[in-house]
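Let me begin by presenting the structure, written as structure tokens, before commenting on it.
The values are calculated or read from the model by the stated rules, or taken from the named source; none is laboratory data. Given the structure is predicted, the values throughout are model-derived calculations rather than measurements. Positions of Cβ are generated from backbone atoms using ideal geometry, with glycine treated the same way; all protein chains shown enter the neighbour counts.
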Amino acid sequence: MTEIVVGLDLSPSARAALDWAAEQARATGRTLRAVHVINASATYSMALGGVAVPIEPSEMDAPHLDAVAAVFDSAQPELGWQLKFFSGEAGPILVAESVGAALLVVGTKEHVGISRIIAGSVSHYCLSHANCPVVAVPAVRDRGAQKDHHDHAVAEAPDSSLSGTAT
């Protein structure tokens, strides 16, 4: 149980999950293994019996590989940290890859409507099925926009320190 496993894709919530997992790994002296899953078609997955199929990076589409690797590299990986690629269904693969791990970290995508019904929720699947602790990390909101809105509201508010203090 010296490893933290994190689900990684190109979504903002997965980036937030990676950042959180990297910080936790550094703070606890654990290694980190990022798992990127390329969704296989349902027919392909059933033909394989739902088995996770490892993918060699050389078998992947180069631009996609570069994009995922750049996200992983943004966490400034330490010695022993890994990025692994699989084909299949993300939820079951992440749960399987986290067996024996100290922690599984996933992002929480904001699926709504029909996409949630069709795709399901990987984070919900992991929370329901993992045999280790699971942390679900939401995407970081645009704090700059919130700060600007707050600063604008403060600028419009009357300054109570100036009222009634004239001498």
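Do any helices (runs of 4 or more DSSP H) lying entirely in the range 88-163 carry at least 1 residues that are modelled with pLDDT under 90 and within 18 Å of the chain's Cα centre (by Cα), and which ones are they? Let's see the steps before the verdict.
On the way: elements: 90-97, 114-119, 122-129, 143-156.
Per the criteria, 114-119, 122-129.
Modelled with pLDDT of 95 or more, within 14 Å of the chain's Cα centre (by Cα), outside any strand (DSSP E or B) and surrounded by 13 or more Cβ atoms within 10 Å (Cβ to Cβ): is that true of V71 in this structure?
Working: modelled with pLDDT of 95 or more: yes; within 14 Å of the chain's Cα centre (by Cα): yes; outside any strand (DSSP E or B): yes; surrounded by 13 or more Cβ atoms within 10 Å (Cβ to Cβ): yes.
Considered against the rule, which asks whether it is modelled with pLDDT of 95 or more, within 14 Å of the chain's Cα centre (by Cα), outside any strand (DSSP E or B) and surrounded by 13 or more Cβ atoms within 10 Å (Cβ to Cβ), V71 comes out as yes.
Among the residues of the range 4-27, write down those that are of a type outside the set (G, A, S) and not in a helix (DSSP H, G or I). Outline the logic, then answer.
We begin by selecting, within the range 4-27, every residue of a type outside the set (G, A, S); these are 4-6, 8-10, 12, 15, 18-20, 23-24, 26.
Scanning the range 4-27 gives I4, V5, V6, L8, D9, L10.
Of everything in the range 64-99 that's in contact (Cβ under 8 Å) with a residue 60 or more places away in the chain and in contact with a strand residue (DSSP E or B) (Cβ under 8 Å, 6 or more places away or on another chain), which residue is farthest from T2 (Cα to Cα)?
That would be V68.
May I ask you to say which residue of M46, M1 is within 15 Å of P133 (Cα to Cα), modelled with pLDDT under 90, of a type outside the set (S, T, Y) and not in a strand (DSSP E or B)? Reasoning before the result, please.
Values: M46 fails: within 15 Å of P133 (Cα to Cα).
None of the others qualify; the one that does is M1.
Restricting attention to the range 4-43, which residues are farther than 14 Å from P77 by Cα, surrounded by fewer than 17 Cβ atoms within 10 Å (Cβ to Cβ) and modelled with pLDDT of 95 or more?
Selection gives T28 alone.
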